[in-house]
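We did not get these values from a lab; they are worked out from the coordinates using the rules stated. It should be emphasised that the depicted structure is a prediction, and the values quoted were computed from it without experimental measurement. Glycine also receives a Cβ, built like all others from the backbone with ideal geometry; neighbour counts cover every protein chain displayed.
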Amino acid sequence: MYQRILLPVDGSNTSDSALREAIKLASDRKAEFRIVHVIEDVVPMWDVEFLNTNEIREALRETGRRILAKAEAVAREAGIKAETRLIETSPPGARIASMIAAEAKAWPADLIVTGTHGRRGVDHLLMGSVAEGVVRISPVPVLLIRDR
């Protein structure tokens, strides 16, 4: 049924749980597997002369590459060939959920498997929810995985 599975990762325990579930699905179906990490653009909220946004962006890219390499290694150890993609928000200020949905459409994915922290109340209000945003705008079904 699902032959192209998209997995956004962020390096969290919840993301690792989603990775394990996506590997199960991919191996059961011999599906293609794409792992993505989205980097938000660095937009300073105030003028700070000593803030080097280029260094911050490069640090975010390097962290994203490490997260992708780790997830790819876990998939490979499970016998799954996965491709990875580092995505930067574009235009600046774009939401991560929008970038994930756009990647699902462009690739094209049959299913998105993503972790959800299950935040509620004030935490949800302050932190938002990438997973909720993906569910709202995804062009394909979304499987939400909570950390165990």
To the nearest 20 Debye, how big is the dipole of segment 1-94 about its Cα centre, given +1 on the beta carbon of each Lys and Arg and -1 on that of each Asp and Glu?
740
For the chain, what is the relative contact order in percent, using Cα pairs closer than 8 Å and at least 6 residues apart in sequence?
33
Mean residue ellipticity at 222 nm from the helices of the chain, using -39,500 (n - 2.57) per DSSP H segment of n ≥ 4 over the full residue count, to the nearest 500 deg cm²/dmol?
-14500 deg cm²/dmol
Listing LEU7, LEU111 from the residue with the fewest other Cβ atoms within 10 Å to the one with the most, what is the order?
LEU111, LEU7
Which of THR84, ALA59, SER27 sits closest to the plus end of the dipole of the chain, meaning its Cα is farthest towards the positive end, when Lys and Arg get +1 and Asp and Glu get -1 on the C-beta?
SER27
Mind checking which aspartates and glutamates have their C-alpha under 20 Å from LYS24, skipping anything on the same chain fewer than 8 residues away?
ASP10, ASP16, GLU32, GLU72, GLU77, GLU83, ASP110, ASP147
